[in-house]
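Structure record follows, encoded as C-alpha cells.
The values are calculated or read from the model by the stated rules, or taken from the named source; none is laboratory data. None of the values given here were measured: they were computed from a predicted structure. Cβ coordinates were reconstructed from backbone atoms using ideal geometry, including for glycine residues, and neighbour counts include every protein chain displayed. When the accessible area is computed, the model is the full protein with side chains, heavy atoms only, and any ligands, DNA or RNA have been set aside. Shrake-Rupley method; radii C 1.70, N 1.55, O 1.52, S 1.80 Å.
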Amino acid sequence: MSNQAPLAARVIPLRSAAARPEPARRAAAPPGPAPTVPAPSSAPVPREPLWRDLVGDVLRRERLAQERTLKDVADTARISMPYLSEVERGRKEASSEVLAAAAQALGLGLGDLLSRAQGELVRVTGLRAPAGRGANRSVPRASYDGLCLAA
C-alpha cells in the first residue's frame with residue numbers, strides 16, 4: 001500500500017461560485033435574448049467609518065491648517081514620521097499615548113482631538129443628537145449621548 005497523496009487535490013474556493021467571474025467563452029453565444037440578471041433586493045447599507053480613519057483625518061486636517069510638515073509634527077511629538085503618516089491615513093490604530101503626543105504637538109489636548117473626531121463621526125454618519133431632553137424623538141439620533149473611547 002502506498003502512502004502517497006491522491007493526485008486530485010481538494011480545492012476550497014475563497015469566493016462563492018456566484019461571486020466568481022465567468023470565464024471567457026470561446027464559442028459564440030447562441031442567438032436569442034440575453035439572460036437577465038436579477039436586481040439586488042435592497043441598496044447596500046453604508047459602512048460606518050472606522051475610528052482610526054476619523055482621528056487620522058482630524059490630525060491631518062489640523063496639521064495642514066497649521067501649514068506644518070509631517071516631519072515637523074513627528075519630531076515634535078517624538079514619533080516616527082512613517083508611523084504618523086500611517087496614523088493620519090487610518091492604517092494604524094494608535095495608542096492613546098501616541099494620539100496624545102501628536103495632539104500636543106499640534107497644540108491640542110487629547111480631549112480636543114477626540115471631540116473633533118466625534119464631531120466628524122456625527123457629520124459623516126449624518127446622525128444628529130437632539131438639542132435637549134424634550135427634543136423631537138422622531139428625528140434620527142446617535143446611539144450615544146457623549147464621547148466614549150475604550151482602549
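Just to check I understand the Karplus step: with θ = phi - 60° and J = 6.51 cos²θ - 1.76 cosθ + 1.60, what whole-Hz values come out for region 82-94, glycine and proline as x?
Ordered by residue, 3J(HN,Hα) equals x, 5, 4, 4, 5, 5, 4, 7, x, 8, 10, 8, 6 Hz.
What percentage of the solvent-accessible surface of region 84-123, computed with a 1.4 Å probe over protein heavy atoms, is contributed by carbon and sulfur atoms? Working shown, then result.
Numbers: 810 of 1890 Å².
Solvent-exposed carbon and sulfur of region 84-123 make up 43 percent of the total.
Students often check this: by mean Cβ neighbours within 10 Å, which of 101-109, 75-83 ranks highest, and how do the rest follow? If you can, show how the numbers build up before the last one.
Working: 101-109: 18.6, 75-83: 14.6.
Descending packing order for the listed peptides: 101-109, 75-83.
If each residue of separation counts as 0.36 nm, what is the full-extension length gain between D112 and R78 once their alpha-carbon separation is subtracted?
Working: separation 34, 0.36 × 34 = 12.24 nm, distance 1.97 nm.
Additional length available on full extension: 10.3 nm.
First select every other residue whose beta carbon is under 13 angstrom from the beta carbon of L64; then total the charges, Lys and Arg +1, Asp and Glu -1. Show your work: numbers first, answer last.
Numbers: positive: R60, R61, R63, R68; negative: D57, E62, E67, D72, E88.
For residues surrounding L64, the net value is -1.
Net charge within 11 Å of R116 by Cβ-Cβ distance, Lys/Arg positive one each and Asp/Glu negative one each, not counting R116 itself?
Working: positive: R61, R123; negative: D57, E62, D112, E120.
Every neighbour counted, the sum reads -2.
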